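One structure, as structure tokens, below. Some questions next.
The values are calculated or read from the model by the stated rules, or taken from the named source; none is laboratory data. Since we're looking at a predicted model, the values are computed, not measured. Cβ placement follows ideal geometry from the backbone for every residue including glycine, while neighbour counts extend to all protein chains displayed. Heavy atoms of the whole protein, side chains included, go into the accessibility calculation; ligands, DNA and RNA do not. Shrake-Rupley method; radii C 1.70, N 1.55, O 1.52, S 1.80 Å.
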Amino acid sequence: MEKNALMCESMNLNLRGMPLSATLNINEKSNEMIAQGKKVYKLGLGQAPFPVPDVVVEELKKNAHKKDYLPVKGLYELRDAVAKYYKLSQDLDYTADDILIGPGSKELMFILQVVFYGELLLPAPSWVSYAPQASILGRKISWIETYEENDWLLMPDDLDSHCKNDPNAPRVIILNYPNNPTGKTYPKELLKELAEVARKYGIIVLSDEIYGELNHDGNHVSIARYYPEGTIISSGLSKWCGAGGWRLGTFAFPKNLKWLLDGMATVASETFTAVSAPIQFASIRAFNFDDAINIYLKHSRRILKALGMYIYNHFNAVGIRVPKPDGAFYFLPNYSELRDRLEKHNITTSSKLCDAVLNDTGVAFLPGSDFGRDEHEFTTRIAYVDFDGEKALKAAYDKKDEIDEEFLKTYCSNTIVSVDKICDWVKAL
Ligand code: GLU
């Protein structure tokens, strides 16, 4: 303990008292409870439920013998495949030289903040790790409020109001859509308006599009279309390709931010060196969006959309407010309508709410406070991923008509049961 404290001080990092990341912590806590023989429904960690597509796994097998260190910025063929993917999916013009490959986009985000000295702007709510990364580095974090009536999306005027007092300050903002924790995405018009404000103040937009391919209607649009010169697109294989454990992330830079890419590559060269060779070779296949990948994605989206709608209908029916989902596999349920009933049971914060539900029903999820929301607001985050994605996907391939409740109850049963348990718990309050 003492040694740890000394190490943190001598590294001059702000780690004292910081716990494990909330998402990973809830996963480990849930697994420990399961190991003790308890039944736990895992809506905590947002791990993609679907398997890595077979064609990509085959490539990994073929490349298992690849043993050399690869270039720091990433394998040329992979960077080229990523650049081509953005041409195809977003009509954006990148070349391999604009792409940086890292061991997960999370690590790339951290390194970006190592290299870029400025204020970090975060809409509240935002994903759990953005703010702690900035805290570790001692960077200034500014939360910008969002509102439930706007589906928790950042409004351009609120961004403008934040920036206008010090218009020239160096800033980076992280926009994530489809969003973790809300499941909402930005309509084109709003992206255009946000792009204008970002351009006005020279803000770098780190556009976290890791869930882009999991837009439930398959029509994700990047803000880079409207603000190409100031946007870095962050993505990777963890979510749409089911490969979180492979740790493969990508950043796409505009030409004029090459200095940032190069600075990040220097940090990479002194830290992780390069991403694992077999993983990079296999990933080339993943970015080749042929029928195998497109059909896999079509069915992944169908399942997530149907499941999202089931939860949306059931939660709202019992007074847990959630907006209609657009993508990914998250909700930020708001229990504030039930405040009086919760407080009668001495549940006064979102953390206490999570503890009570876990204790009473075995369903694990996270408080909204881990995502920058007020503890007393009664928001929480669920990741609706506790099901066998491989079985569900196989069944979806064969199911020509609509994915209905019966399908969900058969193939996504743990998630359905946990949502029903939460609803019953609320009704019994
Ligand atoms: N993105 C996942 C989540 O929000 C977790 C992945 C991670 O923390 O590395 O649950």
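Scan the range 52-72 for residues that are open to solvent by less than 40 Å² (accessible area, probe 1.4 Å) and outside any helix (DSSP H, G or I) and jot them down.
Residues satisfying the conditions are 52, 53, 63, 70.
This table checks each residue for (1) touching a residue at least 12 places away in the same chain (Cβ under 8 Å); (2) closer than 27 Å to residue 153 by Cβ.
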| position | (1), (2) |
| --- | --- |
| 365 | yes, yes |
| 372 | yes, yes |
| 385 | yes, yes |
| 407 | yes, no |
| 423 | yes, yes |
| 428 | no, no |
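If you don't mind, there's one more thing I want to ask. Restricting to the range 116-136, name every residue that is more than 13 Å from the ligand (Cβ to nearest atom) and open to solvent by 40 Å² or more (accessible area, probe 1.4 Å).
Within the range 116-136, 117, 135 meet the criteria.
Among the residues of the range 213-222, is any within 13 Å of the ligand (Cβ to nearest atom), within 22 Å of residue 73 (Cα to Cα) and under 14 Å from the mean Cα position of the chain (by Cα)?
no
While we're here: Being over 19 Å from residue 305 (Cβ atoms), among the β-branched types (Val, Ile, Thr) and in contact (Cβ under 8 Å) with a residue 40 or more places away in the chain narrows it down to one of 172, 205, so name that one.
172
Oh, and also: Using beta carbons and a limit of 8 Å, which pairs, at least six apart or on different chains, have the first residue in the range 323-335 and of a type outside the set (A, V, I, L, M, F, W, C) and open to solvent by 10 Å² or more (accessible area, probe 1.4 Å) and the second one modelled with pLDDT of 95 or more and within 14 Å of the ligand (Cβ to nearest atom)?
Qualifying pairs under 8 Å: 323/182; 323/183; 325/183; 325/331; 326/178; 326/183.
Oh, and also: Sort through 287, 272, 281 and tell me the only one that's open to solvent by 10 Å² or more (accessible area, probe 1.4 Å) and over 30 Å from residue 388 (Cα atoms).
Result: 272 is the single residue among 287, 272, 281 that is open to solvent by 10 Å² or more (accessible area, probe 1.4 Å) and over 30 Å from residue 388 (Cα atoms).
Show the residue pairs meeting these rules: Cβ distance below 6 Å; 6+ apart or different chains; first residue within the range 25-44 and among the basic types (Lys, Arg); second residue part of a loop (DSSP other than H, G, I, E, B) and buried (at least 22 other Cβ atoms within 10 Å of the Cβ).
Here the result reads 42/386, each pair linking the range 25-44 to a residue that is part of a loop (DSSP other than H, G, I, E, B) and buried (at least 22 other Cβ atoms within 10 Å of the Cβ).
Any residue in the range 87-107 that is closer than 16 Å to residue 212 by Cβ and away from the ligand (no atom under 16 Å from the Cβ) sitting within a Cβ distance under 8 Å of a residue that is assigned to a loop (DSSP other than H, G, I, E, B) and basic (Lys, Arg)? List the pairs, counting only those 6 or more apart or interchain.
99/73
Still on this structure, please answer the following. Suppose we filter 368, 372, 389 for residues that are among the small types (Gly, Ala, Ser), within 16 Å of the ligand (Cβ to nearest atom) and farther than 29 Å from residue 51 by Cα; which single one remains? Steps first, answer last, please.
Working: 368 fails: farther than 29 Å from residue 51 by Cα; 389 fails: farther than 29 Å from residue 51 by Cα.
None of the others qualify; the one that does is 372.
OK, next. For the range 75-83, does any single residue satisfy the condition of being away from the ligand (no atom under 15 Å from the Cβ), open to solvent by 50 Å² or more (accessible area, probe 1.4 Å), aromatic (Phe, Trp, Tyr) and in a loop (DSSP other than H, G, I, E, B)?
Taking every residue of the range 75-83 in turn, none turns out to be away from the ligand (no atom under 15 Å from the Cβ), open to solvent by 50 Å² or more (accessible area, probe 1.4 Å), aromatic (Phe, Trp, Tyr) and in a loop (DSSP other than H, G, I, E, B).
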